[in-house]
Amino acid sequence: MEDDLKQLTTTETELTKLVQWFEAAEDSTRDARVTSEKCRDYYDGKQYTDEEVATLKKRKQPIIVSNRIKPKINTLKGMESQSRTNPKALPRNQGFDDEAAEACQDSIRFVLDDNDADNIFSECFDNLCIEGTEALEINVQPDPKSQDFLITLRQIHWDRQFFDPHSRERSFSDAKYLGEVVWLDLEDAIAEYPNAENVISATMDKFGAKTGETYNDKPQYRWADAKRQRVCLISMCFRKGGRWMHTIFVRGGFVQEPIEVPFVDEDGNNEPLYIYQSVYVDRDGNRYGPVKDWLSQQDEINKRRSKALHLMSVRQVKVRKGSVESVVRLKEELAKPDGVVEETIENGVQLLQTGDMAQAQFNLLAEAKAEIDAVGVNAALAGTESRSMSGRALEARANAGTAEVRPILDAHAHFKNRVYRAIWNRIRQYWTAEKWVRVTDNEQNIKFVGLNKPVTMGEKVLERIKQSGQQPDPQTMAQIQADPQMQVVVGTKNVPAQMDVDVILDEVPDFAALQSEQFAELSSLAKNGMPIPPQAIIEASSLRNKDKILKMMRGESEDGQSQQVMQLQQQIQQLAQALEGVTQENEQMKAEMGLKAAEVSIKAQDSETKQYAAETARMQALGPAIDPQQVAQLAAQLVLQALNPQGVL
């Protein structure tokens, strides 16, 4: 009983600490969040407060919005879309199998394609540019269709992010905690976490007070909305004893008790579910994006244009007392383009010239537009430059704009690289069974890459033959397939947990116009007779399938083999077939020669036998004076002479 009480006290103490952390994050970042909300409103064209709108309407002054921020942000988003990069794996150690590194990058690309990562990264970049912070959750879930695991990516929208306000690093590497706010209907929250029904209901009953700002549901409540029966859940990763912990809680208690995050990096240290990235951090720890620097200039443009239009659409008059019957009627007539003013006293109504005031507003308006257009994404970079400029001048202005927005693009690239590494760490940890991933980077040659693939003795033998620069002949292939020992599994290939690789980003050109200009110059030189190789012109172009065109020009096939190598392999195969034919003919000739030699031997023996018989008959005709034993010796000599005509013993 005492142990249970102690455990309950510890749990309540830890819950109180986590609640204080979340509320501190909300309170400490209030000013920064108000600015970020204003940046989002300005991007969406909501650039006047309710008080300003009421004042302008009272003055009958037009409400003008000349949104110069949205095109700038859209240009940045377009640059991000055009410069999308793919992960690339490189071996860390010399002699490492390049095929394993390729399997690593193909696996990461498979996860990215499976999660539609390009769209997720673009949405995150939108938050980075406007509010100043982007965030992503990388999680692992069991695959309901198999015994494997799915690696999932999910964006955390800016108005659902919270973090340690004492963090100063743009990558949040020094943060004590990171998390997200989740609003759910009461019944959905209980259905998803049935074991926490009591604490969820207690939160609804006790903490439905109306307060809070950014993180609240549309009816502004911090922890619960009793009217709509919605409750706020906090998902938080925090450091404890040098390890990352994860928990989900409401104000009334823990929905999920704190547990150690199971995900580990390449060094064995565990890492949080969330990856956060900011682009700018001031000395007070406030995080913001590039839009913040354009707010005052955008206000000046709107207000000066509205003021100038107002000055041009109204007139000021000087009226002598009693010269007009009704001042109200006079104002109405002056507001009309064809208005008529009647005066009872000569020179009783005088129009005041205010054109200089309108002109001054227009001059300041032009200066404000030029100033906002010159910073960040300039007209040359956005492709909206209306002035007549040389190509070099446009390139210089565009490069200047690119250099100014480079910190934004670099921050996003760093964010993506961290995501790629986290994906690879999840693959190394959870993909332990045999798995095949489809790679679709080549639309004409879809291939499958095997991970944790069992390797047989026969496959090892074939691999060694290929590494020696040879191709296995059909006879060897048949022997390997027929031999049971060759089917024994002797190892595993492409094991993610054993791969030691570096994951980087492919480099892409910083500015597309530079490539176009180089292509134009090369084409011009070729037209003027300069001996420019066609491959160089194709390489400098922006053709979609220029890699395939270059391979065709070099005589390469889809798998990268050159035509000469293919012809050489065909010649080797033809020579092998010819050699096999010659070998068969040689064996046949040897067999025929053996038969002929046997026939000659038999004929020789028959000839000697006949000669022996004739000699015997002749001796017998001579009479009994000749000894039969001598006749036998003579026959033996004749046989020896026939078998050894050279007389060599």
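The values are calculated or read from the model by the stated rules, or taken from the named source; none is laboratory data. Everything numeric here is computed off the predicted structure, so don't read it as measured data. Neighbour counts run over all protein chains shown; Cβ positions are idealised from the backbone, glycine included. What goes into the accessible areas is simple: the full protein's heavy atoms, side chains included, and nothing from ligands, DNA or RNA. Shrake-Rupley method; radii C 1.70, N 1.55, O 1.52, S 1.80 Å.
Details
- For the range 298-304, Karplus couplings with θ = phi - 60° (6.51, -1.76, 1.60), whole Hz, Gly/Pro x: 5, 4, 4, 4, 4, 6, 5
- Cα-Cα separations in the range 28-78 greater than 14 Å, expressed as whole percent: 63 percent
- Accessible carbon and sulfur surface of the range 75-179 relative to its total accessible area, %, 1.4 Å: 42 percent
- Mean projection of the Cα convex hull over all viewing directions, computed for the range 112-262: 10.8 nm².
- Vicinal HN-Hα couplings computed from phi for the range 410-418 (Karplus, 6.51 cos²θ - 1.76 cosθ + 1.60; Hz; Gly/Pro x): 5, 4, 5, 5, 5, 4, 5, 5, 5
- The range 87-148 shape via C-alpha gyration tensor axes, a/c threshold 1.5: oblate
- Three-way shape label, the range 18-157, alpha-carbon gyration tensor, a/c 1.5: prolate
- Residues with amide H under 5 Å from that of VAL279, placed H, sequence gap 5 or more: TYR288
- Förster-model FRET efficiency, 41 Å R0, ASN139 and VAL488, C-beta, rounded to 0.05: 0.60
- The residues of the range 223-310 expose, per residue, 40 Å² of accessible area to a 1.4 Å probe.
- Ordering LYS58, LYS453, LYS88 by accessible surface, largest first, gives LYS58, LYS88, LYS453; the 1.4 Å probe counts only protein heavy atoms, with every chain in place.
- Protein heavy-atom accessible surface, 1.4 Å probe, per residue over the range 96-171: 42 Å².
- Full-extension gain in nm, GLU99 to MET477, via 0.36 nm per residue minus C-alpha separation: 133.8 nm
- Distance from the range 24-79 to the range 469-492 (C-alpha centre basis), Å: 70 Å
- Local electrostatic count at ASP265 - Lys and Arg +1, Asp and Glu -1, tallied over other residues with Cβ under 9 Å: -2
- Area accessible to solvent at GLU12, 1.4 Å probe radius, in Å²: 110 Å²
- Dipole moment magnitude, nearest 20 debye, the range 103-204 about Cα centre, only Lys, Arg, Asp, Glu C-beta charged: 380 debye
- Amide H to amide H, with H built 1.01 Å from N, PHE263 comes under 5 Å of GLU271, counting only residues 5 or more places away or on other chains.
- Shape category assigned to the range 137-211 from the gyration tensor of Cα positions, a/c cut at 1.5: oblate
- The phi torsions of the range 236-243, fed into the Karplus equation with coefficients 6.51, -1.76 and 1.60 and a -60° offset, translate into couplings of 9, 10, 9, 8, 8, x, x, 10 Hz, rounded to whole numbers, with Gly and Pro shown as x.
- In this calculation the C-beta distance from THR55 to VAL455 is compared with R0 = 45 Å, giving a FRET efficiency of 0.05.
- Using the Cβ-Cβ distance between SER146 and ASN269 with R0 set to 30 Å, the FRET efficiency works out to roughly 0.50.
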